[in-house]
Amino acid sequence: MKDFKKYYHIPASPDMVYTALTNPVTLELWTGEPAEMTEEPGSDFSLFDGSINGRNLSFEPGKKIVQQWYFGNAEPPSIVTILLHPEGGNTSVELSHTNIPDTEYESISTGWTKYFFQPLMAFYK
């Protein structure tokens, strides 16, 4: 198992970034793919038309999202924590993804930037 941590800078307020990461309509706008998401702890979610699936663990509006991502029966669970820090009128996103299966690490670490945060940055430009 491996861990991934990276910071991203988004040209939008933490509240706007939070909405983009938790509202299914907004998720679909910037990903271009169907998304299922609610802000209810314990609820399941699906992103990129089912390519990413997991369970929402906790939310702090405008500040923090914690999720469990599914990788088959991998143990311990893979946990994603997204912290949103105000930076002027923008947001510094602190991403921490722990317990990534070794076989998935390259795909996940590249995917966070290429398919997740670069499109989100472009959405707000």
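What to note about this one:
- Breaking point among (1) touching a Lys or Arg at 6+ places or on another chain (Cβ under 8 Å); (2) part of a strand (DSSP E or B), for Tyr18: (2)
- Every residue from the range 51-62 that is in a strand (DSSP E or B) and either touching a residue at least 40 places away in the same chain (Cβ under 8 Å) or aliphatic (A, V, I, L, M) (or both): Ile52, Leu57
- Candidates Trp30, Trp69, filtered to the one that is of a type in the set (Phe, Trp, Tyr) and touching a Leu at 6+ places or on another chain (Cβ under 7 Å): Trp30
- Filter result for the condition that a residue is modelled with pLDDT of 95 or more, buried (at least 17 other Cβ atoms within 10 Å of the Cβ) and on the phi < 0 side of the Ramachandran plot, over Tyr18, Tyr7: Tyr18
- Checklist (1) in contact with a Lys or Arg (Cβ under 7 Å, 6 or more places away or on another chain); (2) surrounded by 15 or more Cβ atoms within 10 Å (Cβ to Cβ) applied to Asp102, failing item: (2)
- Unmet requirement for Glu28, which otherwise passes all of (1) of a type in the set (D, E, K, R); (2) touching a Lys or Arg at 6+ places or on another chain (Cβ under 8 Å); (3) closer than 20 Å to Lys125 by Cα: (2)
- Pair list, Cβ < 8 Å and 6+ apart or interchain, from the range 11-32 residues that are touching a residue at least 24 places away in the same chain (Cβ under 8 Å) and within 11 Å of Leu84 (Cβ to Cβ) to residues that are basic (Lys, Arg) and not in a helix (DSSP H, G or I): Pro14/Lys63; Tyr18/Lys63
- The criterion of at least 3 residues that are more than 16 Å from Ile10 (Cβ to Cβ) and touching a residue at least 60 places away in the same chain (Cβ under 8 Å) is met by the following strands (runs of 3 or more DSSP E) wholly inside the range 63-125: 90-100.
- Being surrounded by 13 or more Cβ atoms within 10 Å (Cβ to Cβ) and in contact with a helix residue (DSSP H, G or I) (Cβ under 7 Å, 6 or more places away or on another chain) holds for only one residue in Pro24, Pro77, Pro34, and it is Pro34.
- Matching residues in the range 24-67 - criterion: being modelled with pLDDT under 95, among the polar types (S, T, N, Q) and within 12 Å of the chain's Cα centre (by Cα): Thr31, Ser46, Asn53
The values are calculated or read from the model by the stated rules, or taken from the named source; none is laboratory data. Since the structure is predicted, the reported quantities are computational estimates derived from the model, not experimental observations. Methodologically, a virtual Cβ is constructed for each residue, glycine included, from the backbone with ideal geometry; neighbour enumeration extends over all protein chains shown.
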